[in-house]
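Please read the structure below before turning to the comments.
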Amino acid sequence: MIKHKLSYRKQKIFSGVAVFVFFLLILALRAFSTDYIETVDDPAFEKRIRPAVVFYHDDHNDRAGIDDCSVCHHVYENGIKTADMSVGMACSDCHMSGPAAAPDLIRVYHLQCRGCHLSEQAGPVTCGGCHKK
Amino acid sequence: MMHELYGFLRGPMLWVALLVFFGGSGYRVAAMWRLARKKDAVIFNYSSGYYALRSIFHWLLPFGSRNMRNHPVMTVVAFVFHICLFLVPLFLSAHIILIKESWNVSWPWLPDHAADAMTWMVVAGCGFFAARRIIQPDVRYLTSTSDYLILAAIAVPFVSGTWAFHQWPAFPAATLVHMASAEILLMIIPFTRLSHMLFFPFTRGYMGSEFGAVRKARDW
Ligand code: HEM
């Protein structure tokens with residue numbers, strides 16, 4: 001009788017722990033995944049003047065056939081691009097020298113995104129194509 | 001198709017447009033200068049920097065001339081129109097961002113809603129000038145088709161630009177129309193009546209010198 005009660009409590013504890021671990025796992029996966037990125041949202045732009053840029057991170061890279069993360073998350077050494085990647089850093093960590101440097105940061109985003117769209121002849125090139133209302 | 005056209009309009013065609021605009025402007029001014037030397041050399045004897053600038057200044061001032069005081073509505077519309085016509089393309093955020101991308105130089109820009117309001121004032125100005133040509137008999141008498149075409153050449157880049165900005169239907173096409181029509185506008189400036197932009201300082205300086213230095217009178 002008592003034994004049965006104990007095992008019932010154990011059951012409850014185990015299932016509680018299992019549910020907890022399950023949610024932890026989802027959270028962890030979410031933290032390391034990029035599925036949830038739907039817009040580019042660089043915190044360095046304090047006052048935005050345009051609608052947010054639509055960018056379904058994984059979807060975009062699947063469809064564009066980009067496997068190499070360092071195409072965008074790049075690392076430079078002495079002005080030469082290396083094969084390393086800077087995943088986890090925002091573009092503004094390297095491309096924003098001061099609060100007045102917003103045009104510099106806009107410039108590198110546009111050169112990277114629009115530059116590839118132009119050379120690949122695919123993907124939006126007009127302001128409204130990326131900054132969708 | 002979209003990408004080829006966009007690349008062409010932002011690349012080679014932009015260079016052609018700038019070359020024709022600056023080269024054509026330089027050529028027109030030099031040609032006029034040479035003609036004046038040959039046909040009317042006497043003006044260089046009494047041309048006066050002081051009287052020239054004095055006249056230019058008065059004609060740049062709202063209601064600075066008698067002609068303007070006699071036509072108050074036309075004066076207000078013409079001043080607002082010309083100010084917006086110059087400020088919007090030079091201080092529009094989108095233009096400065098594109099220039100920053102290409103040549104890595106930038107300067108402060110107008111808030112987009114201000115630029116948008118000023119754009120509509122230019123378009124309204126074009127409408128006003130067209131209506132004046134239709135309604136006022138003395139002006140209609142002096143009007144030819146090319147006057148309407150020139151107004152349209154100004155209105156099209158402004159309407160298509162704001163079309164792209166507001167992302168109205170088919171805005172990617174509107175962006176291409178905007179770039180092409182703006183480049184056409186730049187190229188026709190030196191060779192049409194729009195060249196008054198280049199000649200204004202010379203005609204006023206000429207009149208100012210003659211009235212100031214020779215007739216001892218004002219020309220405003
Ligand atoms: C040939 C070079 C040019 C290029 C590449 C260009 C490009 C652009 C682009 C991409 C836009 C859309 C901006 C947005 O989505 O916010 C725009 C807007 C605009 N542009 Fe241009 N442009 C050029 C020349 C001109 C010229 C010469 C004029 C006037 C004479 C002009 C007047 C305007 C106006 C009025 C707007 C709309 C502003 C608004 O409503 O906010 N552009 N331009």
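With R₀ fixed at 30 Å, the C-beta to C-beta distance from A:Glu77 to B:Met1 puts the FRET efficiency at about 0.15.
With a cut-off of 11 Å, note down the residues of the range B:71-85 whose backbone N falls inside the zone around a label point 7 Å from the Cα of B:Met32 toward its beta carbon. No residue passes the distance filter. In terms of Cα atoms, the Rg and Dmax of the protein assembly as shown work out to 30.4, 126 Å. Within a straight-line Cα-Cα reach of under 25 Å, A:Lys47 can be paired with the following lysines, leaving aside sequence neighbours fewer than 8 residues apart in one chain: A:Lys132, A:Lys133, B:Lys100. 3J(HN,Hα) along the range A:76-89, derived from phi through the Karplus expression 6.51 cos²θ - 1.76 cosθ + 1.60 where θ = phi - 60°, amounts to 10, 10, 6, x, 10, 5, 9, 7, 5, 10, 10, 4, x, 9 Hz, with x in place of Gly and Pro. How large is ³J(HN,Hα), in whole Hz, for each residue of the range B:193-207 in order, when computed from phi with the Karplus curve 6.51 cos²θ - 1.76 cosθ + 1.60 and θ = phi - 60°, using x for Gly and Pro? Per residue, the Karplus-derived 3J(HN,Hα) values read 4, 5, 5, 4, 4, 7, 8, 3, x, 6, 5, 5, x, 5, 4 Hz.
GNM on chain B, alpha-carbon springs under 10 angstrom: the most fluctuating residue among B:Ile189, B:Ile134, B:Ile154 is B:Ile134. Note on the range B:1-33 and the range B:60-139: Cα centroid distance 22 Å, given to the nearest whole angstrom.
Between B:Ala94 and B:Met197, take the C-beta separation as r, use R0 = 25 Å, and let me know the FRET efficiency to the nearest 0.05. It would help to have the intermediate numbers written out before the result.
Values: r = 23 Å, r/R0 = 0.92.
Efficiency for this residue pair is about 0.60.
With both labels modelled 7 Å from their Cα along Cα-to-Cβ, the A:Ala18 to B:Val139 distance reads 8.5 nm. Under conditions of 10 °C and 1.306 mPa s, chain B yields 80 µm² s⁻¹ as its translational diffusion coefficient, taking Rh as the Kirkwood radius over Cα pairs in the Stokes-Einstein equation.
3J(HN,Hα) along the range A:105-116: 5, 4, 4, 5, 4, 5, 4, 5, 6, 5, x, 5 Hz, from the Karplus curve 6.51 cos²θ - 1.76 cosθ + 1.60 with θ = phi - 60°, whole Hz, x for Gly and Pro. I need the shape label for the range A:38-130. Rule: rounded when a/c is under 1.5, else prolate if a/b > b/c, else oblate, with a, b, c from the alpha carbon gyration tensor. Oblate shape, in that a/c is at least 1.5 and b/c is the bigger or equal ratio.
Residues whose amide H falls under 5 Å from that of A:Val53, counting only those 5 or more places apart or on a different chain, are A:Val40, with hydrogens built in the peptide plane.
Amide H to amide H, with H built 1.01 Å from N, A:His74 comes under 5 Å of A:Ser86, counting only residues 5 or more places away or on other chains. Taking a point 7 Å out from the Cα of A:Asp68 in the direction of its Cβ, the residues of the range A:83-125 whose backbone N falls within less than 13 Å of it are A:83-85.
Each value in this text was obtained by applying a stated rule to the coordinates, not by laboratory testing. As the structure is a computational prediction, the values presented were derived from the model and not from experiment. For neighbour counting, all protein chains shown are included, and Cβ atoms are generated from backbone atoms with ideal geometry for every residue, glycine included.
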